[in-house]
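Input: a single structure, listed below in structure tokens.
No lab work stands behind these numbers, since they all come straight from the coordinates. What you see is a predicted model; the values in this text were computed from it and never measured. No Cβ is skipped: glycine too gets one built from the backbone with ideal geometry, and neighbour counts run over all protein chains shown.
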Amino acid sequence: MKKYLWLIWAAVLMALALALRFTAGLHYHAYALGVVSAGIVLWHLRKNLPALVGILTGAGLFLRFALRGYAWWGYVCLFIAALLLMHRFLPALLWRIVVALVCIGLCYFCFVEYFIIKNARTDADEGRDYLIVLGAAVYKDQPSLTLVRRLEGTLQYLNEHPGTVAIVSGGMGPGEQITEAQAMYDWLLAHKVDPARVIMEPKARSTMENLTYSFEIIRSRGDEPEGKVAIVSSAYHLYRAKLMAKSLGVPDAAGVAAPWGYFFVMLNYFIREAFGVTHLWVFGN
């Protein structure tokens with residue numbers, strides 16, 4: 001029994017973490033207990049390669065397919081499992097090549113994240129005439145948590161800058177019963193925003209289209225977006241959004257960071273964003 005006491009402790013901590021996460025809503029406490037539980041298991045199985053690879057693979061698949069907002073943590077687990085297998089079975093020369101490539105990849109990842117993190121904040125300015133709110137998922141007719149966070153940032157900005165008009169941008173995606181623009185419009189009006197200060201852009205299906213169509217709306221009003229636009233999005237997304245605005249001829253768009261959501265979910269999206277920025281650098285979209 002004493003031999004497996006560590007496993008019992010790990011199971012108890014994980015059960016407590018799940019209870020805190022899904023019944024009490026204490027997310028950060030749950031994450032801390034979950035990390036401790038996983039650490040106990042990984043430490044005791046560090047010399048048992050099949051068990052370690054199996055756990056990492058199972059965790060990776062669970063995070064990827066069973067939980068929303070943790071997919072890239074799942075990829076990290078699967079990547080570590082693959083590295084463990086390569087370390088055990090590859091010839092020494094090939095393993096050294098793999099290590100070199102991984103080190104280069106990590107250096108590049110840190111390089112990209114520098115720009116993402118540097119721009120993951122609200123830019124200081126005195127207020128812009130137009131606030132472009134980038135859409136996110138809608139579940140049937142209700143905004144997702146990510147979209148609610150962006151709307152909370154929008155509401156705060158509009159309250160602080162009464163002369164600003166919001167352009168809520170987003171079309172209808174799979175499983176959505178209304179457009180993202182309509183969901184955002186309804187949410188803002190339900191929070192006492194004057195309808196005259198909210199313009200819907202219901203066609204966009206990507207960030208590039210969000211910005212393109214919103215700039216067209218501004219120009220259709222006899223105005224120009226240069227020097228007059230701020231963009232609301234999740235903190236991790238602002239660098240890429242501002243790069244896209246620059247490519248569309250608006251190099252001075254300000255960023256407005258939405259409030260953070262759950263910590264590990266946000267880190268998941270910071271990881272993903274490095275690949276999105278790379279795609280933008282290489283392909284321009």
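A compact table of results
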read-out	value
Within-15-Å neighbourhood charge of Tyr269 [Cβ basis; K, R +1; D, E -1]	+4
Label-point gap, in nm, between Arg197 and His161 - each point 7 angstrom along Cα→Cβ	1.2 nm
Antiparallel bridges, percent of DSSP beta bridges restricted to the chain (to nearest 5)	10 percent
10 Å binning of all Cα-Cα separations within region 2-118, expressed as whole percents from 0 upward	12, 31, 35, 18, 3, 0
GNM flexibility winner over the chain from Phe22, Phe263, Phe115 (Cα, springs under 10 Å)	Phe22
Check: region 130-283 dipole with +1 on Lys, Arg Cβ and -1 on Asp, Glu Cβ, in debye	220 debye
HN-Hα J in Hz across region 93-105 - Karplus 6.51, -1.76, 1.60, θ = phi - 60°, x for Gly and Pro	5, 5, 5, 5, 5, 4, 4, 4, 5, 5, 5, 4, x
P(r) histogram, all alpha-carbon pairs of the chain included - 5 Å bins from 0, percent	1, 5, 10, 13, 15, 14, 11, 9, 8, 6, 4, 2, 1, 0, 0, 0
Over 23 Å between alpha carbons, listed pairs Lys140/Lys228; Lys203/Lys246; Lys140/Lys203	Lys140/Lys228
Cβ crowding within 10 Å averaged over residues, with 164-171, 72-79 ranked highest first	164-171, 72-79
Packing-based order for 83-94, 269-280, 145-156, using average beta carbon neighbours within 10 Å, highest first	145-156, 269-280, 83-94
Using θ = phi - 60° and Karplus 6.51 cos²θ - 1.76 cosθ + 1.60, couplings along region 137-150 (whole Hz; Gly, Pro as x)	4, 10, 9, 6, 10, 10, x, 5, 4, 4, 5, 4, 4, 5
Residue-span extension gain [Arg68 to Leu94] - 0.36 nm each, minus C-alpha spacing	5.8 nm
Whole-angstrom Cα spans of region 73-206 along principal axes, big to small	67, 37, 21
Cα shape, region 183-285, gyration tensor, a/c 1.5 rule	oblate
Phi-based couplings in Hz for region 84-92 (Karplus 6.51, -1.76, 1.60; Gly and Pro marked x)	4, 5, 5, 4, 7, 10, 6, x, 4
Amide H within-cut-off set for Ala257, under 5 Å, with H built and near neighbours excluded	Thr122, Asp123
Within straight-line cross-link reach of Lys118, aspartates and glutamates at Cα separation under 17 Å, skipping those fewer than 8 residues along the same chain	Asp252, Glu273
Percentage relative contact order, the chain, counting C-alpha pairs under 8 Å, at least six apart	18 percent
